[in-house]
Amino acid sequence: MALEDYLSDAKRCCRCSYCKWIPLAQVKSWRFAKGCPSIAYKNFHSYSAGGRLAVVLSLSEGRSSYTDGLLDVVYQCQMDGSCDVACKICRYHMEPLEAMRELRFKLVEEGQLLPQHIPVIDNLRKEDNMVMKPKAERGKWSEDLDIKDLTTESAEVVFHGGCQLGFDEELGKVARTAVTLLKNAGVDIGIIRGKEENCCGGKAYDMGYRGEFIKYAENNIEAWTRAGVKTVVTSCSDGYFTFKRLYPDIGSKFEVLHTVEFIDRLIKEGRIKFNKTIPMTVTYHDPCHLGRLGEQYIPWQGEEKKIRGQIVVYEPSKPRNNGAGGIYEPPREVLRSIPGLELVEMERIREYAWCCGAGGGVREAYPDFSYWTARERIEEAKSTGAEALVSACPWCERNFIDAVNGNGDKMKVYDVIELVQQAI
Amino acid sequence: MAISREAYQALEDIVGPENISEEPAILDSYAFQWLAEFRQHGSKFMPRAGAVVLPGSTEEVQAVVKICIRYKLKCKAHSTGWGLYGAPITENAIQLDMRRMDRILKIDEHNMFAVIEPYVIGATLQAEAMKVGLNTHMIGAGASCSPLAAATSFQGAGPDSIFMGSGPENLLAAEWVMPTGEILRTGSLGSGLGWFSGDGLGPSLRGIFKGILGACGGLGVFTKVAVKLYPWPGPTVMPIEGTVPAYTAQLPENIRAHTLAWSTWEGYADAVYKIYNNDIGYIAHRQFIMFGDELQAAVLKILTDTTRTLNDLEELLKKPEIQKLSEEMRRSFQIVLVGMTPRDIEYQEKVLNQILAETGGWKIAAMEEPTMAGWSLLYMIKLCFKNLNYVYAGGFHDAMARAGTPDLVTSGWMEEMREQKRKFGKQGGIVNDGGDAGMGGVGTAGGGGYNAFENFILYDPGDAASVEAARACNVDAGHIAVEAGAGGYNFFFMEKEQVQALLAGRARPAIFQWQQKIKEAFDPNGVGDGSYLCLDE
């Protein structure tokens, strides 16, 4: 698809502003009714999905041109998909998130780069990671781990650590615990060890760098194929989305599971058992890329046609990615199964969860906005009375930890895996 | 041409650089509007503002208006900004986006009112009101809209108007930055007595605000208002079930949704009178007809089944049970009964059954099925799916809008309205929905007695031919409505000169001339945008 393919969407936007809120049916309070961090932070209408569609149309009609202000409108957004879910409640043919992605692709292709992203992408090209670290530092979490190295060995399952877990010394334990749990449960699992593991390419894709994404996707698919892998498991929700939703277009046929899905399965099969109680009240944050964006990939190629004069339909029928098929229950099932743990819910959950603030290149380019978005979520978590905010993505966790530390909060931040380990 | 540097700097000094912009792309996101295509010869863009300003307080609004007067700039505020009504109609005006003023300042549980700022939306006010056993009137445009705008700046009716009245009827005291830059506090607030009244004990200007269709952003800026709240004996938080997008609400026994039907318009009208006379019903509206009389049953099936899309429409339309349901719904409306006590709901249900028996009506069985009833209940109470107006292709507006007493439906108007649009539907430029998509209030004003219908024209704003067909349908309907003395002026869709031409040789309705006098009196500097409806003699 290209940006031109979304001009009809732009003209069909009715400027209703549903994209700014969580689905209106789900509004439970004034305080936590907003869905889109971008418009909530910047306020000008152009920072909403509807506003960006108008910008697409304005650009295409030559009414406006590339400026720093326009780049800011396009990039000060986490690409979290909240707008997409809210829009599609009533609109069956709109794809606002896809249109916003295509706008970023077009800007990058035409050399309209956001200056703050340039060093990050340069580092990716040189060091194969999105966290501005030397390649040699990747994978310290696995240095002394007794696990197959799939650069030379084969396994049914590959565990992909990813850039955040691969370099973050505080969070590396999540990857280590996940792999150990799966191995101890009898899973034939391995890793692409150390600096040989590559970035998934998903963050580059979200930032508009489609070429970089394709390069990393092809490299990873080749490495896994060589190692005889059938299933890809990751604890990173960004990676999960990338492998599950984006890689199939590059030819990937691997089964993709997030660790929480695998652990949930092992608990239900009796292969993981808990013998400790954790007396704690926690609330769960749905990562955008595991939740509303984590739906099954369904290939579709077709075209628009009209029936009854002007009703827009597709030939063949087009899948609706509206968040309904995201991964919501497995992490909650895991948490509920831990003895002593009480799970309480925030107001904005599942397909209408508020974003952690880290996605779409925002953490890299707009740290204040990223921090503000995380603070909003922590306030929501605090309103539940929970002692801890639990998630299933290292990007979310890093953003929350930084925001908690920056504000002197007492809220604890955990990955689901950490609590599982504590209970065993 | 941009506004002068001096004027821009003066505005920036008021709101700060982060709350003003003249970036072309940002200005175009404001110029982009639903229905602009009718006024702007197919373009989705209204005239581009000179700057957009986001004030954060009444004082800032006042200062901005004074700057506009000093530099001879037009000024127009919008709250949520949905529709061409929110955009300036001349180039280089100052667009005020009120979204920073979004607070619910007070919910007075005991005296049953709320004090709100412009960017509070229906959904958030309702959620907060329900926590204390109250509810708010929701404008028919739905839960994403501003109750302040509904009360001051537009017609403001909705499905619950039978019980809660329309927006202007719910307006209590108001704080108004007049087009002169002065601040006027109306009703009880004007006498320093608080927010509880819009009329007595202080200056009442409710009729001025309301006029024919509200101030429409052309008569100063409303910065705070109090609106009435109503009893809500339901849960403090609506329990939502189901999978997106087919959410439903299963509510306690004292809250029930029905779709009522009749085989004749006479039966329909008799029932409406009896419903008024017996004072039952919390919400009553001819709502789902908006999908078109031939399509409504099939569309409801799609909307309540997450496995279905509009691709299933043709197949569903062939099913006899769907055809039967659409036919049954031809002369129908939705009603929600809310009992304040268990005895109350039993009473209301009994009265309704008696009314149906006396008028030859019935409750449509397919709409009583739990999923459908739960979806209908949620739709009607929260108006959270209102954007389904756009579900077919992204465009709707109305033809042959008409207001009258309940027996309007027996006058032949409903059939005339259906045939007028059906003719255009068969030509393919607009959705061929059967012709009757006449959505409307069973009670457009508090207590009932006032019915109004808008026959939706459903079209594709991304398709120039469809836009042109919709415009032709709308203009044709306008001529018929004018012949019948029933409005149809389509001010917003047409240039003023076009409206004048439509009315050529006819007496202008006096309301427009009175609004012209009001405009001259309250806005001597002409700072207000031309959206406040006036016509020359």
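The values are calculated or read from the model by the stated rules, or taken from the named source; none is laboratory data. Because the structure is predicted, anything quoted here is derived from the model rather than measured. Cβ atoms come from the backbone with ideal geometry, glycine included; neighbour counts cover every protein chain shown.
Observations, loosely collected:
- Among the residues of region B:117-157, those identified as within 14 Å of another protein chain (Cβ to nearest Cβ) and small (Gly, Ala, Ser) are B:122, B:123, B:127, B:129, B:140, B:141, B:142, B:143, B:144, B:146, B:149.
- Among the residues of region B:22-32, those that are at the interface with chain A (Cβ under 7 Å from one of its Cβ atoms) and crowded, with 24+ Cβ neighbours inside 10 Å comprise B:25, B:26, B:28, B:29, B:30, B:32.
- Residues that are in contact (Cβ under 8 Å) with a residue 12 or more places away in the chain, crowded, with 22+ Cβ neighbours inside 10 Å and within 11 Å of another protein chain (Cβ to nearest Cβ), drawn from region A:292-311: A:292
- Candidates A:197, A:170 - the one that is over 19 Å from the mean Cα position of the chain (by Cα), surrounded by fewer than 18 Cβ atoms within 10 Å (Cβ to Cβ), within 23 Å of residue A:290 (Cα to Cα) and of a type outside the set (A, V, I, L, M): A:170
- Matching helices (runs of 4 or more DSSP H) fully within region A:61-138 where at least 3 residues are more than 14 Å from chain B (Cβ to nearest Cβ) and farther than 26 Å from residue A:294 by Cα: A:118-127
- Enumeration of residues in region A:355-390 that are of a type in the set (Gly, Ala, Ser), in a helix (DSSP H, G or I) and surrounded by fewer than 21 Cβ atoms within 10 Å (Cβ to Cβ): A:365, A:383
- In the set B:285, B:258, only one residue is in a strand (DSSP E or B), within 17 Å of residue B:381 (Cα to Cα), over 20 Å from the mean Cα position of the chain (by Cα) and assigned by TED's automatic domain parsing to the domain that holds residue B:413; that residue is B:258.
- Region B:42-73, residues that are more than 14 Å from chain A (Cβ to nearest Cβ) and touching a strand residue (DSSP E or B) at 6+ places or on another chain (Cβ under 7 Å): B:50, B:58, B:61, B:62, B:64, B:65, B:68, B:73
- Criterion (on the phi < 0 side of the Ramachandran plot, surrounded by fewer than 24 Cβ atoms within 10 Å (Cβ to Cβ) and among the hydrophobic types (A, V, I, L, M, F, W, C)) met by exactly one of A:420, A:404: A:404
- Within region A:38-60, the residues that satisfy the criterion of being within 19 Å of residue B:79 (Cα to Cα) and more than 9 Å from chain B (Cβ to nearest Cβ) are A:38, A:40, A:41, A:49.
- Of all residues in region B:198-216, those being surrounded by 21 or more Cβ atoms within 10 Å (Cβ to Cβ) and over 23 Å from residue B:530 (Cβ atoms) number 1.
- Close Cβ contacts (under 6 Å, 6 or more residues apart or on different chains) running from residues in region B:113-126 that are part of a strand (DSSP E or B) to residues that are surrounded by fewer than 24 Cβ atoms within 10 Å (Cβ to Cβ) comprise B:113/B:228; B:114/B:107; B:115/B:105; B:115/B:106; B:116/B:104.
- Tally, over region B:419-432, of residues that are more than 7 Å from chain A (Cβ to nearest Cβ), more than 11 Å from residue B:399 (Cα to Cα) and touching a residue at least 60 places away in the same chain (Cβ under 8 Å): 0
- Residues in region B:13-34 that are under 33 Å from the mean Cα position of the chain (by Cα) and acidic (Asp, Glu): B:18, B:22, B:23, B:28.
- For region A:15-32, the set of residues classified as part of a loop (DSSP other than H, G, I, E, B), within 24 Å of the chain's Cα centre (by Cα) and among the polar types (S, T, N, Q) consists of A:17 only.
- Hits in region B:86-115 - residues which are more than 10 Å from every other protein chain (Cβ to nearest Cβ), under 17 Å from residue B:215 (Cβ atoms) and either surrounded by 24 or more Cβ atoms within 10 Å (Cβ to Cβ) or in contact with a helix residue (DSSP H, G or I) (Cβ under 6 Å, 6 or more places away or on another chain) (or both): B:88, B:93, B:94, B:96, B:98, B:101
- With respect to the stated conditions, residue B:240 fails to be farther than 17 Å from residue A:348 by Cα and aliphatic (A, V, I, L, M).
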